[in-house]
Amino acid sequence: MKVRFLSVGDTGLAVELGDAVDRETSRAVLRLDRALRAARPVGVVETVPTFRSLLVHYDPLATSRGELETAIAGLFTDDRSPPPNPRLWRIPVCYEGEFAPDLDAVARLTGLAPGEVVAAHSGVCYHVYMLGFLPGFPYLGDLPQALALPRRADPRLRVPAGSVAIATTLSAIYPFESPGGWHLIGTTPLRLFDPARNPPALLAAGDAVIFEPIDASAFAAIRTRVAAGADPFGGGNPSP
Amino acid sequence: MKPGLSVISPGLHTTVQDLGRLGYQALGVPVSGALDTPSLRLANALVGNPVNTAALEILFTGPRFEVTAPAVRVAVAGAGASLVLARAGQPVPAWLSVRLVCGEVFEVRLGREAVCAYLAVEGGLDVPQVLGSASTYVRAGLGGLYGRALRAGDAVPLVIERAPERRERRLPSPPPAGARQPIRIVFGPQHDGFAEPALRALVTAEFRISANADRMGMRLEGPRLQHRAGWDIVSDAIATGAIQVPGSGQPILLLADHQTTGGYPKIATVISADLPIVARRRPGDAICFAAVTVEEAEALAREAEHRLAAALASLESVPAAGGDIDLASLYDRNLISGVVAADH
């Protein structure tokens, strides 16, 4: 593995572990993140794992890039095993009607029937590569090859909260209403981010996700329970 | 409605900020917090607060308040800013605390030198901590007062509703705004994605801050920074001060509310010591960059902290005799009805 240390001003050190978006690189990033969180070198403020690199935010009054680089270099091991028991989330998604504004367009662009798009999207287990863009926004991969599309040429100014989206080789869920350029093929009634929860984000990098199709009435029922603050999983999720 | 400060007009973008929400960037939560942290810390110290206490950050144009609590002690920090009392012609300058009583109407006015200023209140603002911080992050409605900027009619609740009478505090030598100073950068993390002329242009050309500037970042206008190959990189994490360059070649300097991750190459990063100086500049202002090494940047961060510590240690009580500008007590005693000079 080729490791590159990149300067991010005087408060950040990026550790780049590869070039591509793939699970092996991601697992190496997450492994380093866990090792760093466990070792807690002096002056590290927080760490942010992304597809192929880990950004270490540090306090230049408490440490230096030189000291950190030495500390981090000592954390690499030959361990290539996947982390024990990633959390598996089953995320209910309504792929119907108003909940799936781009489903027909995606079907047209991919040459599939809408039902085949849904089957493909809900037929694989995704890896949470990272969270970013918005609080609790997960980047999930990899999308089945048949669904790979570039982003929309015309980004939306308002993507509703809960929208399940696809673009390139990835899928995502919008935790908040925001602008967005991905194709919206469904909506989940779950709340992806809630500052009153600990941790506030439903998902974390390294988790596993399966989308489960539900109909509009199931969507309404789950949304009501979520709004009332109930555990929408009834204790059955996540499973190791 | 809880007594405190009633918002008569909110200013362009007035938000509750402290030193930021640390520890949640891995979940996509930006740090937020004050753009000009030394000024926030000084504003708090002037009213006797711990330096991380939540205060109001005032951007572009100042808000106007009526005091609805029995007595409050406030201080404004920000180069050239002042606190203008409705009843008095002479403004209270920045870097000086003042006690105001119920019914007093005041406005925070920004100076030419800085587009942001802080209004700290003794005891702090009575707003909840959200994920360890009171800072407002508008995009996700986190923190502050209802997760948004102040609006007319809001009541800003205060922890202390009856500030005691005592001598005021002032900062004898306010820090310079740094209006003409070149902004120091460290190249990277993706400077190798740019051709040599782009790297040279960044540190030799003059850029201008466009009208497209807010707490997330400021778009800069200047020579087009040409990418070596593509401008679409694998998304990675972003530090405050990152200068990212989208396909247009026009750089965006990212500030406190920036997204935690992004997919544009970042040619350089503004050093932490110079971020407050950037935050004080307004759209239309010129901005030039100078490159330093990481080691130099780290040393500059320590120097900046020493300077701030010295400023915090230099706060002095305003002499009671002659120079007493405790407006509240003067008003209380009906000794004056109008102009109070604060020309120390």
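Values computed for the structure shown
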item	result
Sole exception among (1) within 14 Å of chain B (Cβ to nearest Cβ); (2) assigned to a loop (DSSP other than H, G, I, E, B); (3) surrounded by 19 or more Cβ atoms within 10 Å (Cβ to Cβ); (4) touching a Leu at 6+ places or on another chain (Cβ under 9 Å) for A:A161, by number	(3)
Residue count, segment B:18-50 (criterion: within 14 Å of chain A (Cβ to nearest Cβ) and either among the hydrophobic types (A, V, I, L, M, F, W, C) or part of a helix (DSSP H, G or I) (or both))	10
Residue tally, condition in contact with a strand residue (DSSP E or B) (Cβ under 7 Å, 6 or more places away or on another chain) and away from every other protein chain (no Cβ under 11 Å), over segment A:182-199	9
Those residues of segment A:8-26 which are of a type in the set (G, A, S), facing another protein chain (nearest Cβ under 8 Å) and surrounded by fewer than 20 Cβ atoms within 10 Å (Cβ to Cβ), in sequence order	A:A20
Any chance A:V118 is closer than 30 Å to A:I185 by Cα, modelled with pLDDT of 95 or more, of a type in the set (V, I, T) and more than 19 Å from the chain's Cα centre (by Cα)	yes
Test: B:S135 is away from chain A (no Cβ under 14 Å) and either in a strand (DSSP E or B) or of a type in the set (S, T, Y) (or both)	no
Every residue from segment B:216-249 that is of a type in the set (A, V, I, L, M, F, W, C), part of a loop (DSSP other than H, G, I, E, B) and either away from chain A (no Cβ under 14 Å) or over 26 Å from B:A140 (Cα atoms) (or both)	B:L225, B:A229, B:W231, B:V245
Of all residues in segment B:155-182 being among the charged types (D, E, K, R) and surrounded by fewer than 21 Cβ atoms within 10 Å (Cβ to Cβ), the one that is nearest to the chain's Cα centre (by Cα)	B:R180
Answer residue from segment A:164-192, given it is touching a helix residue (DSSP H, G or I) at 6+ places or on another chain (Cβ under 7 Å) and not hydroxyl-bearing (S, T, Y) and is surrounded by the most Cβ atoms within 10 Å (Cβ to Cβ) among those	A:G186
One residue from B:R307, B:R281 being among the basic types (K, R) and under 17 Å from the mean Cα position of the chain (by Cα)	B:R281
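The values are calculated or read from the model by the stated rules, or taken from the named source; none is laboratory data. As the structure is a prediction and not an experimental result, all values here were calculated from the model. Cβ atoms come from the backbone with ideal geometry, glycine included; neighbour counts cover every protein chain shown.
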